[in-house]
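Here, each number is a calculation from the coordinates, and none is a lab measurement. Note that the coordinates shown come from a computational prediction; the quantities given were computed from them, not determined experimentally. Because the Cβ atoms are built from the backbone with ideal geometry, glycine has one as well, and the counts that use them run over all protein chains shown.
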Number of protein chains: 2
Amino acid sequence: MKQKIKGVNGERELVHLFWQNNWTAWRIAGSGSIKYPSPDIVAGKGLRKIIIECKTTNSEIQYFSQKEIDDLFFLSEKIHVEPWLAIKFSRQDWLFIQPNYLNINSKSLCISKKEIEIKGKTFQQLLI
Amino acid sequence: MKQKIKGVNGERELVHLFWQNNWTAWRIAGSGSIKYPSPDIVAGKGLRKIIIECKTTNSEIQYFSQKEIDDLFFLSEKIHVEPWLAIKFSRQDWLFIQPNYLNINSKSLCISKKEIEIKGKTFQQLLI
């Protein structure tokens, strides 16, 4: 439950960041619990529209389920929006990466703090 | 509170309808209470994206606040999406109308059950 509240607070923080930067952004009600594919956040400016799966973690590696990633790709193709992962590692700002950059092994999809620092984008870079 | 639950159930019903018809649709978390302009539902298929303000009523006339309509127009221009109003009058299916069809008088923005039956669209017509 604590992790869920932390997750929601993280999503709210991101939504504020978008609005402060002249984008629109909303949290999706029930994302993670409704039966339909859904991101945590949808954001947009002009013709650009993005969908985001958000994670906050105290670990050095962030894992994603196959379903989370499949849903992002499915939605991205279906409604022509950009799929993004947003990860907030401890004592760091949000970093963003597209799901095709995840490491795939037999058990999971993941990315480490070090890798996203190299391959990912900052919030300001995401907006460009 | 009863009206709010009825409203949320109405929104959920609409979301199901969209998915059953091969569209994506999500409810926006906190719409009506968050400080940023937000619709009740965002829906899309292919390049088409729509934002919807939903109302369920036992009355013969549905009113909207100036802010609700201003927000829809603001978002529509900002992120190039179609603004729609969805109204479910008692013992009727959902009907849809764009906000520029509302009647404007000194006090309010509204539309009657009779008018929306003539000028509005059914769910299936909305999808075309």
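Brief remarks on what is shown
- Peptide-level mean, for A:79-85, of C-beta atoms on other protein chains within 10 Å: 3
- Per-q log10 I(q)/I(0), region A:60-128, q = 0.27 Å⁻¹ (Debye; single scatterer per alpha-carbon; no solvent): -1.28
- Among A:Glu53, A:Glu11, A:Glu115: highest mean-square fluctuation, GNM of chain A, C-alpha pairs under 10 Å: A:Glu115
- Label-to-label distance for B:Lys78 and B:Asn9 is 3.3 nm, based on points extended 7 Å past Cα in the beta-carbon direction.
- Between B:Ile118, B:Ile61, B:Ile97, the residue with the greatest mean-square fluctuation in the GNM of chain B (Cα pairs under 10 Å linked by springs) is B:Ile118.
- Vicinal HN-Hα couplings computed from phi for region A:121-128 (Karplus, 6.51 cos²θ - 1.76 cosθ + 1.60; Hz; Gly/Pro x): 10, 7, 4, 5, 5, 4, 6, 6
- Mean ellipticity per residue at 222 nm, deg cm²/dmol - from DSSP H runs of n ≥ 4 across the protein assembly as shown, formula -39500 (n - 2.57): -10500 deg cm²/dmol
- Considering the protein assembly as shown, its Cα convex hull presents a mean projected area of 14.9 nm².
- Counted over the protein assembly as shown, the DSSP beta bridges are approximately 70% antiparallel.
- All-pairs alpha carbon distance profile, region A:2-45, 10 Å steps from 0, percent: 28, 50, 21, 1
- Of A:Lys45/B:Lys67; A:Lys121/B:Lys55; B:Lys2/B:Lys78; A:Lys6/B:Lys4; A:Lys78/B:Lys107, pairs whose Cα-Cα distance is over 30 Å: A:Lys121/B:Lys55; B:Lys2/B:Lys78; A:Lys78/B:Lys107
- Region B:1-36-region A:1-74 distance, computed between alpha-carbon centres (Å): 18 Å
- Close amide H partners of B:Ala29, meaning residues 5 or more places away or on another chain with modelled amide H under 5 Å apart, are A:Arg27, A:Ile28, A:Ala29.
- Measuring from the axis that maps chain B onto chain A, the chain B residue with the nearest beta carbon and its rounded distance in angstrom come out as B:Ala29, 2.
- Peptide B:15-25 is shielded by partner chain Cβ atoms: per residue, an average of 2 of them sit within 10 Å of its Cβ.
- The share of C-alpha pairs in chain A whose separation exceeds 18 Å stands at 51 percent.
- Relative contact order computed over chain A (Cα-Cα under 8 Å; 6+ residues apart), in percent: 19 percent
- Assigned charges on the beta-carbon of Lys, Arg, Asp, Glu; the protein assembly as shown dipole about Cα centre (debye): 440 debye
- Of the peptides A:40-50, B:83-93, the order by per-residue mean of other Cβ atoms within 10 Å, starting with the highest, comes out as A:40-50, B:83-93.
- For region B:2-127, a crude dipole built from +1 on the beta carbon of Lys and Arg and -1 on the beta carbon of Asp and Glu, taken about the Cα centre, is about 260 debye to the nearest 20.
- Among B:Gln3, B:Leu17, B:Thr56 the positive-end extreme of the charge dipole of region B:2-127 (Cβ point charges): B:Gln3
- Eligible aspartates and glutamates near A:Lys114 by straight Cα distance, threshold 12 Å, same-chain separation 8 or greater: A:Glu60
- In the assembly of identical copies, A:Gln20 has its label point, taken 7 Å from Cα in the direction of the beta carbon, separated from the corresponding points by 4.3 nm (ascending, one decimal).
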